[in-house]
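Input: a single structure, listed below in structure tokens.
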Amino acid sequence: MMRNKPLKYHVRYNRHVNDTDLKERTLSSLRGAIEKGAVDEDIISLLESINRVDDLVTTSSCSGRIQLIGMPRPGDKLNSNVLGKWHRRVQEAELREALGKWDGEGMLFLMAQPLLLHMRTRDLRTAVRVRNKCQASGMKFSSIRSLKMSRGSVEEWGTTVEVMGSERMEVPLHPLPDDTLSEAIGPFVGFANDLITRTRSHIPTLIDLFHGGL
């Protein structure tokens, strides 16, 4: 689906904050998202492994994707135009078709973005263990993303961990001459596809990591 609106990197299915039944409500939202086909199929087994752990619940996910984006100015994602988006390996013909939608104005980027998960943990100690284990498994950009405090203490389910791979690229295509752009993209497509394959290769390792709990 093409979206001409602010970019959303991954499906969010958690809308329940400060709720005593947060995990069950979040999992209900996840099940609904899966039924609608809004969750990448190849990451569902990993989400299931994580959510079997009592002190964890996933809140958003993406198994990696490739995008072609027109941008009026550097960093202006609010006014960006998503010309093509693929949650899989892409064919050169598909990318050339998406290139035809660019009006030639502003900047043009081919992006490959890595596997990304957000999860909430019941307590800070669990979050630290998750971050450390994920980093050790190869997800080097994993971090504790946020803490929700109340009266000087971290709230139950108030810690968010971000698990992210390092397989990323952003290639500016707009400097290429218009008459050679379509033919010049071949090597970039191959590299982007290799990154998608590589970032998804983390999934079995992560499933094993969470399979036995923490």
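Across region 11-211, the mean sequence separation of Cα contacts (distance under 8 Å, 6 or more residues apart), normalised by length, yields a relative contact order of 23 percent. Projecting the Cα atoms of MET169, MET111, THR205 onto the charge dipole of the chain, computed from C-beta unit charges around the Cα centre, puts THR205 farthest toward the positive end.
Computed from the Cβ-Cβ distance with R0 of 41 Å, the FRET efficiency linking GLU24 to LEU78 stands at 0.75.
Per residue of the chain, the DSSP helices (runs of n ≥ 4 H) give a summed -39500 (n - 2.57) that works out to -10500 deg cm²/dmol at 222 nm. Its alpha carbons considered, region 56-183 gives a radius of gyration followed by a Dmax of 19.0, 62 Å.
A straight Cα-to-Cα reach below 19 Å connects LYS77 with the aspartates and glutamates ASP103, GLU105, GLU170, residues fewer than 8 places away in its own chain not being considered.
Between the beta carbons of VAL154 and ASP179, assuming R0 = 41 Å, the FRET efficiency works out to 0.10 to the nearest 0.05. Subtracting the Cα-Cα distance of ILE144 and GLU48 from their residue separation scaled by 0.36 nm leaves 32.5 nm. Between GLU92 and HIS211, the simple label model (points 7 Å from Cα in the Cβ direction) yields a spacing of 3.9 nm. Each other residue within a Cβ distance under 10 Å of VAL161 adds +1 if Lys or Arg and -1 if Asp or Glu, for a net charge of +3.
Scanning the chain for trypsin sites (Lys or Arg not before Pro) in DSSP loops with at most 12 neighbouring Cβ atoms within 10 Å leaves 53-139 as the longest stretch between them.
Values in this text are rule-based calculations from the coordinates and carry no lab data. No experiment lies behind these values; they were computed from the predicted model shown. Reconstructed Cβ throughout: ideal geometry from the backbone, glycine too, with neighbour counts over all protein chains shown.
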